[in-house]
Amino acid sequence: MFVTMSTSGDTRTWTDDQLRQAVADNKSWRAVARAVGLKGTSAGTIRSLQRHTTRLELNTSHFTGQRQWSDPQLRAVMLRATCWADVLAGLGVADIPQNRVRMKGHAVRLGLDCTHLRTTDLPSSASDVFSEPAQPEMLRTAAPALAMAWFAMRGCAVALPVEPQVYDLLVTTAKGIQRVQVKSCARQDSKGHWSVEIGRRPYVLDKSAGKMPYDPDDIDLFFIVLGDGSIYLMPSSVLGGRVRIYAETYAPYRVGDASSLLAAGGDTA
C-alpha cells in the first residue's frame with residue numbers, strides 16, 4: 001500500500017530519497033517534477049519542490065533549465081576567458097545580443113567576478129565601428145549642426161528660434177546677439193565654381209517664384225559650408241542684394257575647414 005507522507009504541512013506523494021535521486025539525475029525543475037510522479041508543473045508545484053530541496057540541502061548547480069550549459073561550466077569558462085565573446089564561444093552559444101545579456105545576468109546572479117572581461121571586443125579598425133560613407137546630398141541637413149558646433153567651440157551660446165524666422169540661429173557673441181543664416185553648397189558647378197545660393201524664396205504659394213535677397217536688417221551673418229569642407233563667415237552687409245555668390249571669391253572670410261566630416265561632391269543646397 002502506498003503511503004502519503006506529510007512534512008512541514010505539505011501533503012506529498014514522494015519521499016525525500018526520491019527527491020534526492022530526481023535532483024541528482026535531472027537538470028531542470030520540470031524534469032524533477034516528472035521524475036517524482038508529478039504531472040502538474042505549476043508555479044506552486046515548483047516552489048514546493050524548491051522548498052524541500054533547500055530543506056534537504058541538495059545541490060542544484062548542475063540545473064540548466066532550457067540552457068545547454070550548467071553553472072559549473074560557466075564558472076570554469078569565465079576563469080580563462082578574457083572577453084564575453086570567449087565566454088559564449090566556450091559554452092557553444094551563439095554570440096548575439098540577447099545571449100550576451102542572459103549570460104551576463106546569470107553570471108551576476110551567481111556572484112561571479114566579471115571585472116576581467118571586456119564588455120565588447122575591441123574593433124580592429126575605425127571602419128569596424130562605423131563604416132557608412134558621408135553623403136554629400138545631406139550637407140544641407142548637416143550644415144546648421146556644423147554651424148552650432150563651430151560657434152559653441154568658440155564660447156558662443158547658440159539658440160534655435162522657436163518660431164520660423166528668416167534666420168536659422170541666434171548666437172551670443174562679444175558684439176551681442178547675432179542672427180545667423182546658414183547656407184551650404186555640396187558640389188562645384190560645371191565650371192568649377194562653388195556657386196552658393198544665398199537668396200530666399202518669397203513666402204508665396206507659387207513655388208516657381210524666383211529667389212530674392214535677404215534684407216540686411218534681418219540677418220547679421222551668413223555661415224556657409226562647402227562640400228570640400230571650407231567654412232565661410234560673412235557679414236550680411238558684404239552680401240547685401242545678392243542671391244548667389246562664388247564662395248572662392250570671398251577668401252578673406254574663410255574661417256575654417258570641416259573636410260574630415262564631408263565627402264567631396266554634391267549639389268548646391
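Annotations
- Cα-centred dipole magnitude for the range 123-254, charges only on beta-carbon of K, R (+1) and D, E (-1), debye, nearest 20: 300
- Sparsely packed chymotrypsin sites (Phe, Trp or Tyr not before Pro) within the range 160-231, loop by DSSP, other Cβ within 10 Å at most 11: Y203
- Placing a label point 7 Å from the Cα of T141 along the Cα-to-Cβ direction, the residues of the range 176-199 whose backbone N falls under 19 Å of that point are 182-187.
- Farthest toward positive dipole pole in the range 10-57 [+1 Lys/Arg, -1 Asp/Glu at C-beta], among T54, G37, A24: G37
Read-outs: derived from the displayed coordinates by stated rules, not from any lab. Bear in mind the structure is a predicted one, so any value in this text is a computation, not a measurement. Counting neighbours? That spans all protein chains shown, and the Cβs are built from the backbone with ideal geometry, glycine included.
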